[in-house]
Amino acid sequence: MDFSCLYCGGSRLYHLRNCPKVYSLIKKKAFNEKAKQDYFGESPNVFIGRYGYPKVNVGFLSNNTVPKDIDKPKLWSKENYQIPKIVDLRSSLVNSKFKVNIKSFDDKFTQMTQEISQAKKPVDVEVHLNKKPTFNINFNQDITPYGPSVNLEKAKITENPKIPRQVDKVVSDTDLKAVGAIDYLYKKGYDEHFLTKLISVGNLGIEKNRKLVPTRWSITAIDDTVGKKLISQIKDYNNYDFVAHFGGYLGNYYLILFFSDVWSYELFENYIGNPKTARVEETATDFESYKGRKTYASNTVGGYYATRLSILEYLKNKKRQASVLALRFITNDYYMPLGVWVVRQAVRHCLQSKPLIFSDKDLMMKYAKVFLKKKYNLDADFWLKKSKLIKENKTQKKLTNF
């Protein structure tokens, strides 16, 4: 779902006082006083743009001082970081960019970004920009914020990057498909954040197929690839109970209903504004049956795959499968877009809440109606009557009926 601010073109999920452009006016003076054209620093991550594809802007995010928590979304969530703290952290990162074709791996700067993306820890770098950066912050509903973008003149890595053995193994294997490499590393404990930066710079896959992948696309590619693998695994498990969870993070709340059935999944995304006077201003939905989807989830886009991944991890841990209806409620407390990682972490927060277990579907749906009426004064039938998942569960014949 796309939310556009009439004032600045960014997310309109915030009040004017919290608008990114208003924020930038406040932070600009402090940033500009400290900014340097040439510096020694650290780079924790990379960024691949999508405009001009197949010739795209590539850059590594860096600065002369980089806090240890600057690129750790799971830590932000665990420690309950709020929006101002996250934005303060990320706004200091300079995107030292250069333009290159997606298949050009002989470029020195591209090779640098590959090394940075493979490293488990931020890499020491020396950076020379074509001009001194001035404050700017880039917000996007899919990508974690970062500071100004400045063209790169010269750069070099000033240490030996600490690349884990398992990462080096799959990067060096040019006969291993990207899907296999992702599955291997995920099972070894590398999360979606690390895998995204790894695949975005063309580190994985059969040699002739390797290419740079815009960060925005890489995020969804990892969520989808890992999700599909988990789906194939949970389909071997027994059905889960009728279970409901509610919770969230940074103004993104979820009511997730697990139906005791084979795998299927549906997401409704809803912008409701002020929670105390909630009303559904916009809604979007996508669905997949047991057989899966053949097309991109164009209504809920990246949020669809991010939500699904966190749900599937939960089911994998429970060793169960279920038919899952997820209702996302976006409030005006989410006043700056911070990226799709917020979705994953909001769902994980939700699924860490105390589960409510019901003896049958009707009781769970009755609970959902009462809960949403009490919580937001919203009528759950708005979604339940539209739900393809519920309709399919009512009409399909069960194996247990025979």
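Some points to look at:
- Residue that is farthest from Gly147 (Cα to Cα) [pool: residues in region 66-92 that are in contact with an Asp or Glu (Cβ under 8 Å, 6 or more places away or on another chain) and at pLDDT below 95]: Val66
- Among the residues of this structure, Tyr271 does not count as one that is under 17 Å from Ser310 (Cα atoms) and in a strand (DSSP E or B).
- Residues in region 308-334 that are more than 21 Å from Met364 (Cα to Cα) and hydroxyl-bearing (Ser, Thr, Tyr): 3 in all.
- Residue satisfying condition, being touching a helix residue (DSSP H, G or I) at 6+ places or on another chain (Cβ under 8 Å), buried (at least 20 other Cβ atoms within 10 Å of the Cβ), closer than 29 Å to Gln321 by Cβ and of a type in the set (A, V, I, L, M, F, W, C), within set Ile256, Ile231: Ile256
- Criterion: over 18 Å from Leu327 (Cβ atoms), without any contact (Cβ under 8 Å) to a residue 60 or more places away in the chain and part of a loop (DSSP other than H, G, I, E, B) - qualifying residue of Lys276, Lys294: Lys294
- Checking each residue in region 171-207 for being hydrophobic (A, V, I, L, M, F, W, C) and either within 16 Å of Ile48 (Cβ to Cβ) or assigned to a helix (DSSP H, G or I) (or both) picks out Val171, Ala178, Val179, Ala181, Ile182, Leu185, Phe194, Leu195, Leu198, Ile199, Val201, Leu204.
- Selection from region 163-173 of residues that are surrounded by 12 or more Cβ atoms within 10 Å (Cβ to Cβ) and either basic (Lys, Arg) or at pLDDT below 95 (or both): Lys169
The values are calculated or read from the model by the stated rules, or taken from the named source; none is laboratory data. This structure is a prediction, so every number in the text was calculated from the model and none was measured. Here Cβ is always computed from backbone atoms with ideal geometry, including for glycine, and neighbour counts include all displayed protein chains.
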